[in-house]
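Heads up: the structure comes next, in structure tokens.
Values quoted throughout were computed directly from the atomic coordinates according to the rules given, and no laboratory measurement underlies them. Quantities reported herein were computed from a predicted structural model and do not represent experimental measurements. Every residue, glycine among them, receives a Cβ derived from its backbone with ideal geometry; neighbour counts consider all protein chains shown.
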Amino acid sequence: MSLALVGISHHRAPVELRERVALDARGAEALARRLADDVGEAVCLSTCNRTELYVVGPGAHASAEAALVGLGGEEIGGALYRLRDEAAALHLFRVAAGLDSMVPGEGEILGQVRGAYERGATGLVLDRLFRQALHTGRKARTQTAIGESPASVSSAAAALAEQVFGDLRGCRILLVGAGKIGEAAARNLVARGADLAFVANRSRDRANRLASRLGGAAIPLEGTASELRSADVLVSSTGAAGVVLGRDDVASALRGRKGRPLFLIDLAVPRDLDPAIAELEGCYLYDIDDLEAVVAETLAGRRREAERAERIVAEQAERFREWQASLEVVPAIASLRARAEEIRRSELRRAEARLGRLTDAERSVVESVTAQIVNKLLHLPTVRMKQAAAAADGVLYADAVRHLFGLGEDER
Amino acid sequence: LVLVAELLFWPALVAYGEAAVAYGADARRPGLAGRLATWGVRVGWLAQTGLLTVQAARAEGFPWTSWAAALNLFVWLVIGVYLIWGCRTRYRLLGLAVMPLAVGLFVLARAGGGTGAGTEPHLSNLFLVLHVGLLLAAFAGFMLAAALAALYLFQERRLKRREASILRLPAPSLAALDGFAARTIAVSFPALTLGIAVGLARLAGSGGSFDAVIAATLATWLAYGCFVVLRYGLSWRGRRAAHLALGSFALVLVVLPIGHFS
């Protein structure tokens, strides 16, 4: 059973092409079902970076390609990639491990692969393929540090806040400026358990809107220094031309904090926070350049870890190849075992006539002994056939077994 | 039993040594080396527990009275306390500080004849056993608190300097280090207090005199008492608390050799 993959991704196609074939969950499920009706098995993985069709059955490649071209038009033909069997499996395993993502090791893709699998029309091959892909993705993340370090400025800011406070639950955020950059940083902190306490902004309306979305209270920009005493993390990203918060403002707020540390994130250019704040004890100030340097370092670390993850992926792909190859000999093994069982049963029936009436206990012993003989005789040939299949000689062995034991001759 | 003690010493030393080396490798590249280090600590500690059990079975009284034997017990206590946090990934940096020191002290204990099963006990008096045992347990806790405080200062400095590689090495948060160091001292301090009280009661009973060792021990008690009051009464945290923990431990370093390993 041949596995085919046809897809389009951020590596070869700009967003203008990708968006033509992008499908929501329902659309991806419908496409997978339609394809499965034609060929046998199908899964559609559609994210913002890729749309890929995994198909098993006769005419799989042609059907999958026709489906994508049907969605995106002839123009996408040049951007499509087509992979088969082992290469297709390796590709999916790399995708699940985050090795094919824009940011190596990003965690979202594993959930997307799981979603595609659950909505797909899977059979023997795709079921095994996707389960193994999910296992590979998890293994790459647990056995390497590929997904541990932050990959964006806002997630780096949140990770640094965790370096100071540990668990962010209960930490209070003071957001200065209601722009998108500050909001993204605040969202990242809130996602890790922190509470947005205040939003300070020149425009009270914007502050109110943001506070209603993320929680907290809107305050005027002038109220920042006075609320600093109760905050743990300050995120600033205003469009102000000068310093919004000076060293003395922070120093006076620190007096009432009883030694609690204060983490300050300055995402504005020009900077909102006086750099001299960093000299104060218990204050940790990071500006946009500091955070970008942290992200650059962690991305370099992810790339180093990616080499280790590649080895895990290759190992899993090899296992899948061996399993897929073993499928070629499975019918022959099944026929051989069925023939042996048939012979065993017919010989038992004949023996029963000669040996007279057997008690239930005696019958059980005879059943068990004959079954063991058959199993032991067939064990080694079964193992050898599977090994031969893994070494690409499976078809030869399967044919030899069929010929030697006359398997399938009765049906002819 | 002498042979068994000998057979238990070497696996303990090798496992501790392996852990020390693996912690170094883990600091360069976190992952498998860290797990091997943790297992090294566990295996070594179990072997050393066996060794101490053999020593206790062989002796008629308290077997860890000589400086070398007390050092052996001290290493076991330090690593035992460390094991409570050391198994966590983020605390592996602490192992880098604790394990090489533990290996060095363990070798020193061996050189002084404190790891065999044939040492003659000098103390069989319950008061003295309690005194030595409690003080060693407290000092082990203080040593770990000092390591936590040192790690706090190291991490705090990196955060202050805004090092780009700050997130590359898994390390506990400042809040966790500060809290664990304070709690370790808060737990060890009553042991120290009780150990000193037992010692003073014994001293009063035997008519002994006040000497430099007692003065240094009381100074240590006072320093840690100040720490507990300042930390829990006046909310001293962070760098100040870490410096105080390290300063107090400097007194332990004075008391240990002159008082208990001499």
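State whether segment A:149-302 is rounded, prolate or oblate according to the following rule on the C-alpha gyration tensor (a ≥ b ≥ c being the square roots of its eigenvalues): a/c under 1.5 gives rounded; otherwise a/b larger than b/c gives prolate, and the remaining case gives oblate. It comes out rounded by the Cα gyration axes.
For chain A, which longest stretch is free of loop sites, where a loop site is one of the GluC sites (Glu not before Pro) that DSSP puts outside H, G, I, E and B and that has at most 11 other Cβ atoms within 10 Å? In chain A, the maximal stretch lacking such sites is A:1-408.
Annotation note: trypsin sites (Lys or Arg not before Pro) in segment A:62-170 located in DSSP loop regions with a Cβ neighbour count of at most 13 within 10 Å are A:R169. Relative to the dominant Cα principal axis of chain A, helix A:360-390 is inclined by about 60°.
For segment A:1-52 and segment B:41-62, what is the centre-to-centre distance using only Cα atoms, to the nearest Å? Going from one Cα centre to the other spans 64 Å.
Reported to the nearest whole Å, the Cα centre-to-centre distance from segment A:70-85 to segment A:168-200 is 43.
For the Cα trace of segment B:25-170, dividing Rg by the Kirkwood Rh returns an Rg/Rh value of 1.06. Relative to the longest principal axis of the Cα atoms of chain A, the long axis of helix A:85-96 makes an angle of roughly 30 degrees. The angle between the Cα long axis of helix A:108-119 and the longest principal axis of the Cα atoms of chain A comes to about 40 degrees, rounded to the nearest 10. On a per residue basis, the convex hull of the C-alpha atoms belonging to chain B measures out at 110 Å³. Once the chain from A:A353 to A:A191 is taken as fully extended at 0.36 nm per residue, the excess over their C-alpha distance is 50.7 nm.
Placing unit charges on the Cβ atoms only, positive for Lys and Arg and negative for Asp and Glu, gives chain B a dipole magnitude near 1360 debye about its Cα centre. The charge dipole of the protein assembly as shown, taken about its Cα centre with unit charges on the Cβ atoms of Lys, Arg (+1), Asp and Glu (-1) only, comes to about 1060 debye. Computed from the C-beta positions of A:S364 and A:A314 and an R0 of 60 Å, the FRET efficiency is 0.80 to the nearest 0.05. I'd like the antiparallel share, as a percent to the nearest 5, of DSSP beta bridges with both residues in the protein assembly as shown. Rounded to the nearest five, the antiparallel share is 45 percent. Our helix-only sum for the protein assembly as shown, with -39,500 (n - 2.57) per DSSP H run of n ≥ 4 divided by its residues, gives a mean residue ellipticity at 222 nm of -22000 deg cm²/dmol.
Shape analysis of segment A:1-134 based on the Cα gyration tensor places the equivalent ellipsoid semi-axes at 19, 18, 13 Å, largest first. Karplus-derived 3J(HN,Hα) values for segment A:190-198, using 6.51 cos²θ - 1.76 cosθ + 1.60 with θ = phi - 60°, are 4, 4, 9, x, 6, 10, 7, 8, 9 Hz; glycine and proline are entered as x. Is segment B:199-262 best put as rounded, prolate or oblate by its Cα gyration tensor, with a ≥ b ≥ c the root eigenvalues, rounded for a/c under 1.5, and otherwise prolate when a/b is larger than b/c, oblate when not? Oblate.
Length available on full extension from B:R28 to B:R161: 0.36 nm per residue minus the Cα-Cα distance, which gives 45.9 nm.
If I model the protein assembly as shown as equal point scatterers sitting on the Cα atoms and use the Debye formula, what is log10 I(q)/I(0) at q = 0.10 Å⁻¹? For the requested q values the scattering log ratios are -1.04. Each residue of segment A:122-133 is assigned a 3J(HN,Hα), and the resulting list reads 9, x, 4, 6, 5, 4, 5, 4, 6, 5, 5, 5 Hz, derived from the Karplus form 6.51 cos²θ - 1.76 cosθ + 1.60 (θ = phi - 60°), x at Gly and Pro. Note on A:K386: aspartates and glutamates with a C-alpha under 15 Å away, same-chain residues under 8 apart excluded, are A:E318, A:E322, A:E328, A:D399. So how far, in whole Å, is the C-alpha centre of segment A:297-326 from the one of segment A:335-370? Using only Cα atoms, the two centres lie 49 Å from each other.
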